[in-house]
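Worksheet for the structure shown next.
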Amino acid sequence: MIASPLAKKWVMGLTGLFLVSFLLVHLSGNFSLFKHDQGAAFNAYSHFMTSNPLIKVMEYGLVLGFLLHILQSLYLTIQNYSARPVRYAVPNSGESSSWNSRNMGLTGSFILVFLLVHFNSFVVKYRITKESENIYQIVVDAFQSGWGGWYWLFYVLSMVILGLHLNHGFQSAFQTFGINHKRYTPIIKGFGWIYSVAVPLGFATMPVYFRFFY
Ligand code: HEM
């Protein structure tokens, strides 16, 4: 692993931003769930995502991005617990004391659990055990009646935690990259805030819609 704490933070920031761009693509594709076409658009989108060779290559990048992000965070956490005060490679401007900033490891671990559940519910059923070719129906069934009718709530809670993680992640990445411009910094920070609220909220509308309004 990379030895310098600052380099580690760069890896966290860059892989984080890469994952952030994936989330935006995933969210926009998932919006086709709302089309009143019995899942035709969503199934076509999922089929494209699983069969297109270019997407396959990008998936390897995605897996690598997740692994690097997780491994670096583990390494950083272990270092933070060790005696040397190497926690902040770039001095933090006060936000470091917030609950959210101190618990990135906790929220990140929860997101990892969410991802494992998410994979087991959708990716495994669709691609590995091939329970059904109708991924739209798999999603609808999960949100409507999964876990005795509580699966939707796990998603909504996970999205709150994802929002917290993204919110501090953005601030932290901007700090690591040394973004410091009188005019652009507030705009970039504003973007981070809007993203960390809007994207999880967008995802959360899906379980709520299928559970209560479908
Ligand atoms: C309501 C919210 C969501 C729905 C309905 C949803 C739906 C799906 C479905 C149906 C798949 C399988 C598609 C396929 O195998 O091609 C999938 C894959 C995936 N999802 Fe989600 N997802 C949601 C939220 C999220 C979130 C919040 C994350 C990340 C934090 C995420 C990460 C992933 C990843 C990494 C994959 C695998 C992508 C790939 O292999 O190409 N999803 N999602």
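The values are calculated or read from the model by the stated rules, or taken from the named source; none is laboratory data. Bear in mind the structure is a predicted one, so any value in this text is a computation, not a measurement. All Cβ positions, glycine included, derive from the backbone under ideal geometry; neighbour counts span all protein chains shown.
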Only one of Ser132, Ser145, Ser121 that is at pLDDT below 95 and either part of a helix (DSSP H, G or I) or in contact with a Phe, Trp or Tyr (Cβ under 9 Å, 6 or more places away or on another chain) (or both): Ser132
Pair list, Cβ under 6 Å, 6 or more apart: the stretch 105-116 residue part of a helix (DSSP H, G or I), other residue β-branched (Val, Ile, Thr) and within 11 Å of the ligand (Cβ to nearest atom): Thr107/Ile161; Phe110/Ile161
Filter result (modelled with pLDDT under 90 and of a type in the set (Phe, Trp, Tyr)) within the stretch 178-195: Tyr184
Subset of the stretch 152-176 (residues that are more than 15 Å from the chain's Cα centre (by Cα), surrounded by 19 or more Cβ atoms within 10 Å (Cβ to Cβ) and within 17 Å of Met206 (Cβ to Cβ)): Trp152
